[in-house]
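Quick notes on the structure that follows.
The values are calculated or read from the model by the stated rules, or taken from the named source; none is laboratory data. As the structure is a prediction and not an experimental result, all values here were calculated from the model. We place every Cβ from the backbone using ideal geometry, glycine too, and count neighbours over all the protein chains shown. SASA here: full protein model, heavy atoms, side chains in, ligands and nucleic acids out. Shrake-Rupley method; radii C 1.70, N 1.55, O 1.52, S 1.80 Å.
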Amino acid sequence: MKNIIEFDRPIPDYKNLIEEYKKHLIYSNCTKSTVDTYIIATNKFIEFLEVPLNELDYIHIIHYKSELQDRLKQKAATINKKLQALKRFISYLYNNNYIKSDMSKNIPFIKIQKQSYAPEGLTYQEINLLLQFAGSNSKQVLKLRNYTMIQLLLGTGIRLDELVNLDYRDIIINDRSGHLLVRKGKGDKERAV
């Protein structure tokens, strides 16, 4: 089965095409991290191609997947992330009438074996070492900041990115309790911890 991409309208040069695609991703409310990941993955795929986009074939995608898996020895999750970016790019080309067929639906992901156990937490000794190291700075302000950051990460389970985006107004302290308001969580979701 051959799925050759045929172009309906001329493709701008790659640099302009990628810029146009990036604007589309931003307009689609993708996070900055997702946009960056998709653009990098798309550029890597275009670099890998030895043919112009108008000669792109399904087999090139399979060869790219094989390159990532066999030669570069990348993990399944990494390859799937790149394939997802590629699917989105090909779908974008199709939806904007650059191509006549959307082969993105045919791109197979790699099956990932699910872990049957929860990830291991830190031991008390590792926690103590981490807190000692955080409090070892010679400047009192940095010592307090680092210690507080480690305690917040350990005590609440928030992500590092969420910690970095915290504001002092996000900390709500009551008489006997308190909570953090995470405003920019994963997927730009808001939650209380």
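With the requirement that a residue be open to solvent by 60 Å² or more (accessible area, probe 1.4 Å) and under 14 Å from residue 46 (Cα atoms), what does the stretch 62-80 give you?
63, the sole residue that qualifies.
Go through the residues of the stretch 2-12 one by one and say whether even a single one is exposed (fewer than 13 other Cβ atoms within 10 Å of the Cβ) and modelled with pLDDT of 90 or more. Explain how you work it out, then say what you get.
Here is the first cut: in the stretch 2-12, the ones exposed (fewer than 13 other Cβ atoms within 10 Å of the Cβ) are 2, 6, 8-10, 12.
Add one more test, that the residue is modelled with pLDDT of 90 or more, and what stays is none.
Checked the stretch 2-12: no residue is exposed (fewer than 13 other Cβ atoms within 10 Å of the Cβ) and modelled with pLDDT of 90 or more.
Quick one: in the stretch 115-150, which of the residues that are among the aromatic types (Phe, Trp, Tyr) and in a helix (DSSP H, G or I) is least open to solvent (accessible area, probe 1.4 Å)? Step through it out loud before you land on a result.
We begin by selecting, within the stretch 115-150, every residue among the aromatic types (Phe, Trp, Tyr); these are 117, 124, 133, 147.
Of the ones still in play, those that are also in a helix (DSSP H, G or I) are 124, 133, 147.
Working: 124: 189, 133: 157, 147: 94 Å².
Among them, the one singled out is 147.
Do we find a residue being closer than 19 Å to residue 113 by Cα, open to solvent by 40 Å² or more (accessible area, probe 1.4 Å) and either free of Cβ contacts under 8 Å to residues at least 24 places away in the same chain or not β-branched (Val, Ile, Thr) (or both) anywhere in the stretch 82-99? Show your work before the answer.
Initially, the stretch 82-99 is screened for residues closer than 19 Å to residue 113 by Cα, giving 82-84.
Within this subset, residues satisfying the condition of being open to solvent by 40 Å² or more (accessible area, probe 1.4 Å) are 82, 84.
Within this subset, residues satisfying the condition of being either free of Cβ contacts under 8 Å to residues at least 24 places away in the same chain or not β-branched (Val, Ile, Thr) (or both) are 82, 84.
Yes; the residues of the stretch 82-99 include at least one that is closer than 19 Å to residue 113 by Cα, open to solvent by 40 Å² or more (accessible area, probe 1.4 Å) and either free of Cβ contacts under 8 Å to residues at least 24 places away in the same chain or not β-branched (Val, Ile, Thr) (or both).
Please specify each residue of the stretch 168-190 satisfying the condition of being in contact with a strand residue (DSSP E or B) (Cβ under 9 Å, 6 or more places away or on another chain), within 25 Å of residue 33 (Cβ to Cβ) and open to solvent by less than 90 Å² (accessible area, probe 1.4 Å).
Residues satisfying the conditions are 170, 171, 180, 181, 182, 185.
Can you pull out every residue in the stretch 25-38 that is open to solvent by 60 Å² or more (accessible area, probe 1.4 Å) and part of a helix (DSSP H, G or I)? Before you say what the answer is, go through the steps one by one.
Taking the stretch 25-38 and keeping what is open to solvent by 60 Å² or more (accessible area, probe 1.4 Å), we get 26-27, 29, 32-33.
Answer for the stretch 25-38, where residues must be open to solvent by 60 Å² or more (accessible area, probe 1.4 Å) and part of a helix (DSSP H, G or I): 26, 27, 32, 33.
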